[in-house]
Every structure is written in structure tokens, then in C-alpha cells.
Amino acid sequence: MSVFWIKTFQLILCFAILIVLHEGGHFFFSKLFKVRVEKFFMFFDWKFHLFSTKDKWFTRLFPKMADNETEYGIGWIPLGGYVKIAGMIDESLDTEQMKQPVRPDEFRAKPVYQRFLIMVGGVLVNFLLALFIYAMILFVWGSNTLPMRNISDGFSYNEMAEQLGFVDGDIPVKVDGEALEGWDGTVYRAISEAKVVTVLRDGKEVEITMPEEGVNLLEMIEQDPRFLSVNVPSRIDSVVPASAAAQAGMKKGARILSVDGHDIQWWSDFNAIMGRKADILAVGCSHEDSLKLRQLPIVFANEGAAPDTVTLTLDEHYLMGVTQLHYITYYQEAYIHHDYGFWESLPAGITYGWETLKGYVSDLKYIFTKKGAKSVGSFGTIGNLFPASWNWEAFWNITAFISIILAVMNILPIPGLDGGHIFFLLVEAVTRRPPSDKFMERAQYVGMALLFALMALALFNDAVKFLF
């Protein structure tokens with residue numbers, strides 16, 4: 001099965017789980033307060049649907065289920081899902097129903113606190129689901145931590161980091177006096193928000209004072225090379241058969257010593273040189289210059305052998321056909337594994353989920369910047385989060401994170417989202433006066449227009465990433 005389909009199936013399964021459970025939160029509180037739910041759909045069913053319990057073939061086979069007041073179904077547009085709750089203006093924009101006399105089983109007939117719980121139900125389920133998934137990940141697979149002080153070869157830093165005072169080989173161990181537990185993506189965020197970063201340099205702790213305004217997290221991550229990267233010896237993990245490297249005699253475990261006349265110690269050194277080649281290509285060059293760039297003078301040494309000097313002809317993607325030794329493999333003995341019992345995993349999962357939520361909320365400020373807007377993505381971006389081979393631990397980790405994203409995005413006070421309805425309910429609770437149906441209808445149109453514009457931006461960004 002191709003990588004595309006493996007990622008696609010994971011994306012569809014993730015969305016199906018999250019959509020059904022999110023809408024199930026609205027459905028649960030609606031039924032709890034005896035509010036009529038007319039539809040419960042996974043995916044949107046504009047114009048037609050793939051399945052419905054009101055289909056003729058279904059009503060003939062299951063007449064009792066067809067008599068249920070709620071129509072269950074699957075739409076064809078995988079942008080979300082919905083429950084159509086009687087007596088409210090939502091995605092269906094069913095304004096005709098609102099012109100009818102109020103019935104006791106309608107949303108608008110219920111007190112504010114019940115309507116509030118109905119609307120917050122989806123967000124609540126998304127958040128609790130993420131905490132539960134994180135807890136079960138810890139229960140089933142445990143946790144693996146690479147302590148910062150165990151990264152004996154330190155880190156390499158780009159020009160931006162060096163200007164702030166970081167030196168190649170430094171190991172960040174504290175931010176604002178608090179110890180960094182282990183190496184993962186949160187280290188970038190911690191450094192970006194820190195006032196003082198303490199590094200281990202030549203066995204001694206050195207403090208680096210950061211700018212008062214902090215460091216832009218997106219720039220730290222998007223720069224090539226990145227702000228900091230783990231130093232890993234330039235040893236080859238595997239060689240692609242029939243590649244330029246294989247034809248030159250390189251084998252697993254070989255060490256790259258020099259590229260283009262520049263000495264190489266770490267893979268970050270190699271990537272910096274190749275990055276400069278990529279910059280030249282990006283600016284544009286002639287066909288002859290492009291062919292020259294594909295010629296790569298290199299010095300390497302297989303394990304137990306003397307160094308060998310060759311000139312490789314890179315493929316059309318400017319690759320020589322090797323897999324770099326990864327820091328996870330290099331430092332596998334330095335990791336600390338912790339197993340969790342069931343009851344121990346629950347508070348640990350809650351803590352991890354809460355920290356993930358705080359980090360995501362903190363990063364939302366970047367969406368309103370030029371670079372942040374360019375980073376907004378849709379299905380392509382989300383699908384690429386999933387691994388190329390099926391891995392349940394990775395799948396559930398990503399699903400939990402997306403569940404947190406859905407919870408946060410849906411709670412934003414934007415008309416058309418759950419947060420918009422919740423905001424208007426809070427206004428009603430304070431003023432003792434509900435907004436008019438006409439106002440809610442217009443607000444719904446505005447909210448949907450904003451959401452479609454955001455979706456258009458995300459699709460455009462995906463197109464730019466994958467086509468250019």
C-alpha cells in the first residue's frame with residue numbers, strides 16, 4: 001500500500017472518531033435535557049448523502065429504527081459533521097422552523113444553563129477525549145525521555161542562535177531557572193519564551209540573556225538550518241541500492257569526512273552545505289550550473305577502512321542515496337523509559353494533555369502574523385502529520401493533539417462555531433435578553449463566511465506547498 005493511502009486512511013479514521021464524538025457531546029446533553037435532535041451526521045450532506053437511516057432501503061429493512069426521531073447518516077463532504085437540534089439557528093440555516101410556535105422539546109425553550117451545556121458538550125468531549133487518549137498511550141506504551149544532560153555531543157546552532165550567544169556544543173538545561181526535562185518540541189517553545197537560558201558549556205553552566213520581546217517560535221522552527229539541532233556524527237544508517245552512494249562503495253556505518261572540501265563532523269554540517277546548494281537552485285541557475293551542482297566531491301570511510309575520495313553524481317532531487325543516522329538511534333541507550341500502571345497513567349495523561357493545551361493556546365498568537373497565516377494548512381498538512389507506515393502509538397498521539405486543536409478552535413467566539421453560540425448565551429445570561437432570530441441568522445452567515453475563507457486559505461497554502 002502506498003504512503004499516500006496509509007496517510008489518507010489514518011486521516012479519515014482520525015476525523016471520523018473525533019467528529020462522531022464531538023457531535024456526540026452535543027447529542028448527549030440534548031437528549032439529557034429532552035431536546036429533539038433531528039439529524040446526526042458524520043461529514044456534511046449538502047445536496048445528497050452516502051447513507052441515512054431515512055433511506056427507503058433502510059426503512060424497509062429496519063422499520064423500527066427508521067421511526068426514531070433522529071436521522072443518522074454519513075455525508076460526502078469531509079469537512080466536519082453536525083447535529084441538527086430543533087429550535088436553533090445552526091449550519092442548516094433552517095429559519096422556517098424558527099417562525100413556528102415554540103415547542104417544549106426545542107432548544108430555544110430550554111433555560112440558558114441547559115443550552116450552554118448542549119453547546120459546550122462537543123468541546124468538552126474533545127478535551128476529555130484527548131486527556132483519556134494521552135493517559136492510555138502512557139498505560140500501553142509508557143514514556144521515553146531523552147534527558148538534556150544525556151545529549152553528550154551537544155547541539156549545533158544557526159546564525160540567529162549564535163547572535164544571541166549560543167555556541168555549537170552548548171546543551172540547554174534550564175529556562176528561567178527551571179530544568180528542561182527532556183529533548184522534544186517543547187524545548188523550542190521554552191527557549192522562545194525564556195528570559196534567561198542556562199546552557200552546559202565545557203562542563204560548566206553558562207547563562208544566556210534572551211531579548212525582552214522573546215524569540216519568534218515560527219522563525220526558530222522554519223529556518224534552515226533550525227535554531228538548534230542535536231549533534232549526531234555524520235555516520236550513514238543505510239544506503240539505497242543502486243544509488244550514487246552505493247555505486248561509490250558506501251556501506252552502512254560509513255562516516256562522511258568531507259564534502260566540497262569542507263570538513264564534516266556532524267550531520268548538521270553536511271545539511272548546511274547541502275542547504276546552500278538548495279539556495280542556489282531556488283534562486284535559479286542554468287542547466288549547466290545545475291549539472292555542476294549535482295557533482296559532489298566527498299571523502300568517506302567505511303568502518304575499519306581507510307578514507308576514500310570520490311565524486312558523486314546526485315540524482316535529480318540532489319540526493320546521494322543514504323539515510324542519516326538519527327539521534328534516536330544514536331542516543332537509544334541514553335533514553336529513560338517509564339512504565340505506568342492504569343491508575344498512575346490517568347493523572348500523568350491529564351498533566352501531559354493540559355501542558356499540550358497550554359502550549360497550543362500560547363502558539364495561537366502566531367496565526368495572526370504573516371508567517372503564521374502561511375502555516376495554516378488543511379487536509380494535506382494534517383495528513384502529513386501521520387507516519388508513512390501504520391503505527392498505533394503515533395496515530396493516537398496525533399489524534400489526541402488534533403482533538404485538542406478542535407476543542408480550542410471550536411471554543412473561539414466566532415459565529416457559526418460552538419464558541420459563537422456560547423458567547424451569545426453568556427450575553428443572554430447577563431442581559432436577560434436573547435439576541436433576535438434575525439441577528440442570529442446574520443451572525444451565522446458571517447461566521448460561515450469567515451470559516452470558508454479560512455478553509456480557502458488553508459487549501460491555498462496546501463496547494464502552494466505540494467505543487468511548487
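Numerical summary
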{"quantity": "Any hit, region 167-188, residues being more than 19 Å from Tyr327 (Cβ to Cβ) and in contact with a helix residue (DSSP H, G or I) (Cβ under 6 Å, 6 or more places away or on another chain)", "calculated": "yes"}
{"quantity": "Residue within region 318-332 that is open to solvent by less than 70 Å² (accessible area, probe 1.4 Å), at pLDDT 90 or above, part of a loop (DSSP other than H, G, I, E, B) and under 27 Å from Phe227 (Cα atoms) present", "calculated": "yes"}
{"quantity": "Qualifying residue in region 408-419 (condition: under 29 Å from Val140 (Cα atoms), part of a helix (DSSP H, G or I) and acidic (Asp, Glu))", "calculated": "no"}
{"quantity": "Residue count, region 195-207 (criterion: without any contact (Cβ under 8 Å) to a residue 24 or more places away in the chain, touching a strand residue (DSSP E or B) at 6+ places or on another chain (Cβ under 7 Å) and under 20 Å from Val230 (Cα atoms))", "calculated": "1"}
{"quantity": "Residues within region 292-312 that are part of a loop (DSSP other than H, G, I, E, B), closer than 11 Å to Leu257 by Cα and either among the small types (Gly, Ala, Ser) or open to solvent by less than 60 Å² (accessible area, probe 1.4 Å) (or both), tallied", "calculated": "1"}
{"quantity": "Selection status of Leu11, touching a Leu at 6+ places or on another chain (Cβ under 7 Å), crowded, with 17+ Cβ neighbours inside 10 Å and in a helix (DSSP H, G or I)", "calculated": "no"}
{"quantity": "Where a residue in region 39-63 is without any contact (Cβ under 8 Å) to a residue 24 or more places away in the chain and its partner, wherever it lies, is of a type in the set (Val, Ile, Thr) and open to solvent by less than 70 Å² (accessible area, probe 1.4 Å), with Cβ under 7 Å and at least six apart", "calculated": "Phe51/Ile74"}
{"quantity": "Close pairs (7 angstrom Cβ cut-off, 6 or more residues apart or separate chains): free of Cβ contacts under 8 Å to residues at least 24 places away in the same chain in region 396-416, open to solvent by 30 Å² or more (accessible area, probe 1.4 Å) and in a helix (DSSP H, G or I) anywhere", "calculated": "Pro413/Phe423"}
{"quantity": "Residue within region 27-50 that is among the aromatic types (Phe, Trp, Tyr), in contact with a Leu (Cβ under 9 Å, 6 or more places away or on another chain) and within 22 Å of Phe116 (Cβ to Cβ) present", "calculated": "yes"}
{"quantity": "Condition met for Ile17 (in a helix (DSSP H, G or I), out of contact with any Cys (no Cβ under 6 Å at 6 or more places or on another chain), at pLDDT 85 or above and of a type in the set (A, V, I, L, M))", "calculated": "yes"}
{"quantity": "Matching option when the condition is surrounded by 13 or more Cβ atoms within 10 Å (Cβ to Cβ) and not aliphatic (A, V, I, L, M), among Phe40, Phe48, Phe62", "calculated": "Phe40"}
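The values are calculated or read from the model by the stated rules, or taken from the named source; none is laboratory data. These numbers were taken from a predicted model, which means no experiment stands behind them. Neighbour counts are summed over all protein chains in view; Cβ atoms, including those assigned to glycine, are modelled from backbone coordinates with ideal geometry. The area values use the complete protein model at the heavy-atom level, side chains included, leaving out ligands, DNA and RNA. Shrake-Rupley method; radii C 1.70, N 1.55, O 1.52, S 1.80 Å.
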